[in-house]
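S.K.: This is the structure I want to talk about, given as structure tokens.
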Amino acid sequence: MDARHLRLELALQLLQQAGALLPEAEPYSQEWVQGILDALCDLSSKDALTGLVNRRSFEMALAREVDRVARSGESALLLMLDIDHFKAVNDSYGHAAGDQVIRAVAEALNQVVRPMDTVARVGGEEFAIVLPKCGAGFGATVAERLRERVSELRIEVASGQTLAVTVSLGGAFAPEWVRSSSLLWMERADRQLYRAKAEGRNRTCLEMQVDSLVSAEEKGMLFAVTQQESE
Amino acid sequence: MTTTSDPAASPTPAASGVPLAAARPTARPGARAGARNLAVTSGKGGVGKTFVTANLAAALAQRGQKVLVLDADLGLANLDVVLNLHPKLTLHDVFTEKATLEQAILPAPGGFSVLLAGSGMVEYSRLTPEVRDKLLHIVEMVRPRFDWILFDTGAGISDVVLFSISMASDVLVVATPEPTSLTDAYATIKVLATQQDRREVGLLVNQANRVGEGKLICGQLQQVLQRFVSAKPGHSFKLELLGEVKNDLSVRQAVLKRQLVMEHYPGSDAAQAIKALAHKLLG
């Protein structure tokens, strides 16, 4: 195959625009084409604004982690976090300021976690972090450390003003059972994030254990008809 | 026995929302050609879980199926008691490499095979990576040789119980009309729906006092599940009533004599109910 027949103009343009380093090998050699493909893969797995892993790539990392946990039995923590009242930043200071806030938060998160952890931007002002080999005790500490680090940020925006933001975090530990999915894991962490928001924001909520408790309301409903029957 | 290192034999997480009572190749963790596997669980102990498992195995065997009952109640196994077996070799011996799987799989009355936990298993009642690995390996090894694997799980919702259920593609929850049994069955189903992505679970109401009580209880559980579990969109959950076993004399006699109703009281209501359950599972 002669690589010179490939239409690579758009690919090269994209890579140049993104500031990616082009391979040093002889142009159109097999090695060079491989380098271009690698650079494209790298580009398509990253978030353009923050340079963090993007949602697509994060979901792959999470699926790998579910698989690993199911086999090894090690613990892992998934954190979902969201910048509090982010809409207000955009509305009051403009979208450029909003982007700066997102970049600053992303950088802060990346500084707190270990190299083995994966920090991703999964939505507008939403981030997710998967922490392999992270047990219950360490999980709470690291979540709190992330929250504190963000709250200490003083972000200078273009208008010359300095902004401070907070984040809410929700987390769930990987299930140790064979039958689970990354989607389910994200939902569980999301529920905790929702709880953190509902409880007043700027806090962390972790799902600590299997929720097997049956509330009084559930019991009441469970026995409503059977009791009527026996009366 | 070595720990599993063959990637093809390792399970991959899978979630399926396929109907329970229909014969089909199932999508399940590590699915390959081989047995359908059903976990029988209950939440509360003493509701007849092992009784149902053993008689269901006999009913499936009568339908020409090759069935293995795996005593997954590692902490407090009593399948041997129900079947009046005095095993020399158990799962414990396989774990400790004192016996091969072939040696430990024993014929049981009723025409099925059993792999008993044995009393030495207490040390394995905690779910360590080693225990998980060994159990998974054993299940992978026996799967190609049977049509059905029934997991007789322990009582409660401990991690061992949840893990053994997670190895099965289908789940049958056994409950009695007693309030404590219903509450524990509900808690179990809720955990399975929210933590294991189960969309469908089968229910068998044991020790029913009258005809139709199973239907009533199933409807009641379904209603509460509807409200507290499937309230979120896309979270449909279905509890399917697969049987109702009335509390009749034959059951009490069979249990006391440590016999199977399927063998010794084949004409009893209980045997008919278990037969109907097997029929539903076979589709």
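Read-outs throughout are calculated quantities, based only on the coordinates presented, and are distinct from any laboratory measurement. All values derive from a computational prediction rather than experimental measurement. So basically every Cβ, Gly included, is an ideal-geometry build from the backbone, and we count neighbours across all protein chains shown.
S.K.: Give the residue from A:A106, A:L52, B:V205 lying farthest towards the positive end of the charge dipole for the protein assembly as shown; charges sit on Cβ (+1 for Lys and Arg, -1 for Asp and Glu) and the dipole is referred to the Cα centre.
M.R.: Looking along the dipole axis, the top candidate is B:V205.
S.K.: A follow-up question, please. Could you name the aspartates and glutamates whose alpha carbon sits less than 19 Å from that of B:K190, not counting residues in the same chain fewer than 8 places away?
M.R.: A:E176, A:E187, A:D190, A:E207, A:D211, A:E217, A:E218, B:D159, B:D170, B:E178, B:E200, B:E240
S.K.: If you don't mind, there's one more thing I want to ask. Viscosity 0.890 mPa s, temperature 25 °C: give me the Stokes-Einstein translational D for the stretch A:55-207 in µm²/s, with Rh taken as the Kirkwood radius over C-alpha pairs.
M.R.: D = 157 µm²/s.
S.K.: Let me ask something else. Across the Cα atoms of the stretch A:3-44, what radius of gyration and what greatest pairwise Cα-Cα distance (Dmax) are found, in Å?
M.R.: Values for the stretch A:3-44 (Cα only, Rg and Dmax): 9.4, 25 Å.
S.K.: What value, in deg cm²/dmol to 500, does the helix sum -39500 (n - 2.57) over DSSP H runs of n ≥ 4 give at 222 nm once divided by the residues of the protein assembly as shown?
M.R.: Here the helix-only value at 222 nm equals -13500 deg cm²/dmol.
S.K.: Evaluate the relative contact order of the stretch A:3-44 (contact order divided by residue number), counting alpha-carbon pairs under 8 angstrom at least 6 apart; express in whole percent.
M.R.: Reported relative contact order: 41 percent.
S.K.: Quick check for me: using +1 on Lys/Arg Cβ and -1 on Asp/Glu Cβ, what's the dipole size of chain A about its Cα centre, in debye to the nearest 20?
M.R.: 240 debye
S.K.: Sorted by average packing, counted as other Cβ atoms within 10 angstrom per residue and highest first, what order do B:164-172, B:271-279, A:41-49 take?
M.R.: Top to bottom by mean Cβ count within 10 Å: B:164-172, B:271-279, A:41-49.
S.K.: Could you tell me the ratio Rg/Rh of the protein assembly as shown? Both radii from Cα atoms, Rh via Kirkwood.
M.R.: For the protein assembly as shown, the value is 1.07.
S.K.: Averaged over its residues, how many other protein chain Cβ atoms are within 10 Å of peptide B:210-219's Cβ atoms?
M.R.: Mean shielding by partner chains, rounded to a whole number: 1.
S.K.: Averaged over B:157-167, how many beta carbons belonging to a partner chain fall within 10 Å of each residue's beta carbon?
M.R.: 3
S.K.: Sorted by packing (mean other beta-carbon atoms within 10 Å per residue), highest first, where do B:59-65, A:23-29 land?
M.R.: Sorting B:59-65, A:23-29 by mean packing, highest first, produces B:59-65, A:23-29.
S.K.: Around A:L52, which amide H atoms from residues at least 5 apart in sequence, or from another chain, sit under 5 Å from its own amide H, with H modelled in the peptide plane?
M.R.: Sorted by chain and number, the residues that satisfy this are A:D47.
S.K.: Count, for each residue of B:186-196, the Cβ atoms from other chains sitting within 10 Å of its Cβ, then give me the mean as a whole number.
M.R.: 4
S.K.: If you don't mind, there's one more thing I want to ask. Among bridges DSSP assigns within the protein assembly as shown, what percent are antiparallel (round to 5)?
M.R.: Percentage antiparallel, nearest 5: 40.
S.K.: For the stretch B:34-282, what relative contact order do you get, as a whole percent, if you take Cα pairs closer than 8 Å and at least 6 residues apart?
M.R.: 26 percent
S.K.: Another one. Determine the alpha carbon to alpha carbon distance for each of A:K219/B:K238; B:K238/B:K280; B:K44/B:K280; B:K215/B:K238 and list only those over 23 Å.
M.R.: Check vs 23 Å cut-off fails for B:K44/B:K280.
S.K.: Given the peptides B:98-111, B:189-202, B:149-162, arrange them by the average over their residues of other C-beta atoms within 10 Å, most packed first.
M.R.: Output ranking for B:98-111, B:189-202, B:149-162: B:149-162, B:189-202, B:98-111.
S.K.: Which of the helices in chain A meet the span-like rule: DSSP H, Cα axial reach of 15 Å or more, Kyte-Doolittle mean at least 0.0?
M.R.: A:30-44, A:95-112
S.K.: In addition: GNM on chain A, C-alpha springs below 10 Å: top fluctuator among A:A174, A:A76, A:A158?
M.R.: Evaluated over chain A, the most mobile residue of the options is A:A158.
S.K.: Also, I was wondering about something else. Under a point-charge model restricted to the Cβ atoms of Lys and Arg (+1) and Asp and Glu (-1), what is the dipole moment magnitude of the stretch A:3-44 relative to its Cα centre, in debye to the nearest 20?
M.R.: 200 debye
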